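Following: one structure in structure tokens, then a few remarks.
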Amino acid sequence: MFLQRLFLVLAFAHGTALAAPVPKTTSDADAVHASAGAGADAAATRTCAELIEETYGCSTAATSCGLCVTRAWPRLRNEAACAGLGHGELVQHCGPVHDAADKSESDDGIGMSGLFKSTWAASDPVNTTLPALMKYLTVESTLDSCPGQICACGECGRTQMLPSGTVQFGLHTVAARGINDCRSTSPLSGDLTVADVEAIFDEELGDMSTYSPYMDYNAMLWTPATTLDSYRQAFDADGVPTLKLQWPCFYDDSETTCYSLVWHIPQSMVTIEIASNETATPDDFVVEGFPRHEFVTKELPTHDYAEPLHDSRAVDDIDEIIDWYDRVLGVSPTATRKGADSSVTVVFAYPSSSKMGHDANIQYVYRPTTGSKSQGTSTSWLQSYWNSVSDKYMTNMTSMWPIWGDNHLTIIDGADDASIDAVIERLDASGDTRYHPFLGVENGENGPDGDYFGHTSFYIQDPSGFTVEYHATFNNPDPSIDVDVGDFNEYCDYHCDGGLSN
């Protein structure tokens, strides 16, 4: 019941099934788009939707509509009728898709389970991360955000991946400042503010011309074959630097090559890596000798739309992470891989149900050489900084929750025996206080207007300094636990007074 209710609140209405052959090659798309020039005069009077449908041949009656729009995206951006529209807004022309997520139970017999979103703390999401995500990715703004993205005590830039009609993976950025900015400024953020740490990321990543350990903090997305070059063309046209990498898709198959664009949003901690298995210019991509993602199913994604692959984090001690996942969440690594540079990547493929619609996993990367362009700000130093702030302020389950907890991934655990109670028991047994639960609609807390908004959730900081947001049944919550009445009371409730007394 918990997971059904959570899913019903989070998911959007589903469309009807669509049926049409999928264009298989880049030449098919080129043949369609070649007609654009011939009808230039007529196109001048058409709306953007009419251009997409009639000139570029991206029919809503085709399952490949979104694929077609992404292929046409570099040209559509230059159409006067489409000026100012982001990638996702153009793809929304295609409407929702039918998906197994509208079933009460998945084909595999379990409820919704798996990786659900990636979230970053942001100093100014309305003016930095949100416009960038909306411009370049196939996303839409999350509909349950604060009006106009402005909350009583902060701002948000929360998006979700298209198409609607699927379980929409979230890419969220939030400035949850607390009353009078108490949570986002010293001393409760430590000596550094979010903007200070964002400046470190900007300095470390620079012009994206060489690999930085800070690129290990990323969310990787898969875009279908024949579409990666559209992203490259858009980034290049706008002067947005990306690191272009090519790598074997699988550890046991060096013949299958994947390509990726590593993209950092300036003035943020957000790095997105967009991957696929086809490009027209492979020689432009730097060769990496090892896979950058673990395809657990041993197959490449086949959907006609972009989807998440993993949430990745830099870490100072792989063994510590493995122990933490086993001790706290009862999960063992799916794979542990060693790179030629002595790096080690550990992958946790959290059980993902068919209802989730993807097989995204979690990875942590250790690199023995963590030299930094900035004095004293290696990824190892940053991990220690985040952990030290939490050690100071997270002294019990209702104490101050530092702003660095907004750097988190979200897991929905659909196992029958999964519970937040069990995880709390394990944490308490080891003396770990770096966690903060909230009660929501799944535990009968319906918000001030009975609007079924806030959710029962459990935030646990892992050894990397990032946080895991864990969703499962909460059977016997302590009555003192905080209630999420919706967007955490617009980011105002964080026990700042208690934190200042420490």
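Picking from residues in region 450-497 that are touching a Cys at 6+ places or on another chain (Cβ under 8 Å) and of a type in the set (Ser, Thr, Tyr), the one that is surrounded by the most Cβ atoms within 10 Å (Cβ to Cβ) is Tyr494.
Report those strands (runs of 3 or more DSSP E) wholly inside region 284-370 carrying at least 1 residues which are open to solvent by less than 10 Å² (accessible area, probe 1.4 Å) and not small (Gly, Ala, Ser).
Values: elements: 307-314, 335-338, 344-348, 361-366.
Those strands (runs of 3 or more DSSP E) span 307-314, 344-348, 361-366.
Suppose we keep only residues that are open to solvent by less than 60 Å² (accessible area, probe 1.4 Å) and in a loop (DSSP other than H, G, I, E, B) within region 415-430. Which one would you say is nearest to Thr398 (Cα to Cα)? Spell out how you get there, then give the answer.
Here is the first cut: in region 415-430, the residues open to solvent by less than 60 Å² (accessible area, probe 1.4 Å) are 415, 418-424, 427, 430.
Pick out the ones that are also in a loop (DSSP other than H, G, I, E, B) and you get 415, 418, 430.
Values: Ala415: 27, Ala418: 22, Ser430: 18 Å.
Only one residue fits best here, namely Ser430.
Scanning region 186-211 for residues that are open to solvent by 10 Å² or more (accessible area, probe 1.4 Å) and assigned to a loop (DSSP other than H, G, I, E, B) turns up Ser186, Pro187, Asp191, Leu192, Thr193, Gly206, Asp207, Ser209, Thr210, Tyr211.
If the requirement is being of a type in the set (D, E, K, R), touching a Lys or Arg at 6+ places or on another chain (Cβ under 7 Å) and open to solvent by 10 Å² or more (accessible area, probe 1.4 Å), which of these qualifies: Arg232, Arg183, Arg177?
On the way: Arg232 fails: touching a Lys or Arg at 6+ places or on another chain (Cβ under 7 Å); Arg183 fails: open to solvent by 10 Å² or more (accessible area, probe 1.4 Å).
Arg177 is the lone residue from the list that is of a type in the set (D, E, K, R), touching a Lys or Arg at 6+ places or on another chain (Cβ under 7 Å) and open to solvent by 10 Å² or more (accessible area, probe 1.4 Å).
Within region 75-95, restricting attention to residues that are farther than 15 Å from Ala306 by Cβ, out of contact with any Gly (no Cβ under 6 Å at 6 or more places or on another chain) and assigned to a loop (DSSP other than H, G, I, E, B), the residue that is most open to solvent (accessible area, probe 1.4 Å) is Asn78. Filtered by the rule that a residue be surrounded by fewer than 23 Cβ atoms within 10 Å (Cβ to Cβ) and of a type in the set (S, T, N, Q), region 142-159 gives Thr142, Ser145, Gln149.
The values are calculated or read from the model by the stated rules, or taken from the named source; none is laboratory data. Note that the coordinates shown come from a computational prediction; the quantities given were computed from them, not determined experimentally. Ideal geometry is used to build each Cβ from the backbone, glycine not excepted, and the neighbour counts take in all protein chains shown. Ligands, DNA and RNA are stripped out before the accessible areas are found, and what is left, the full protein with its side chains, is counted by its heavy atoms. Shrake-Rupley method; radii C 1.70, N 1.55, O 1.52, S 1.80 Å.
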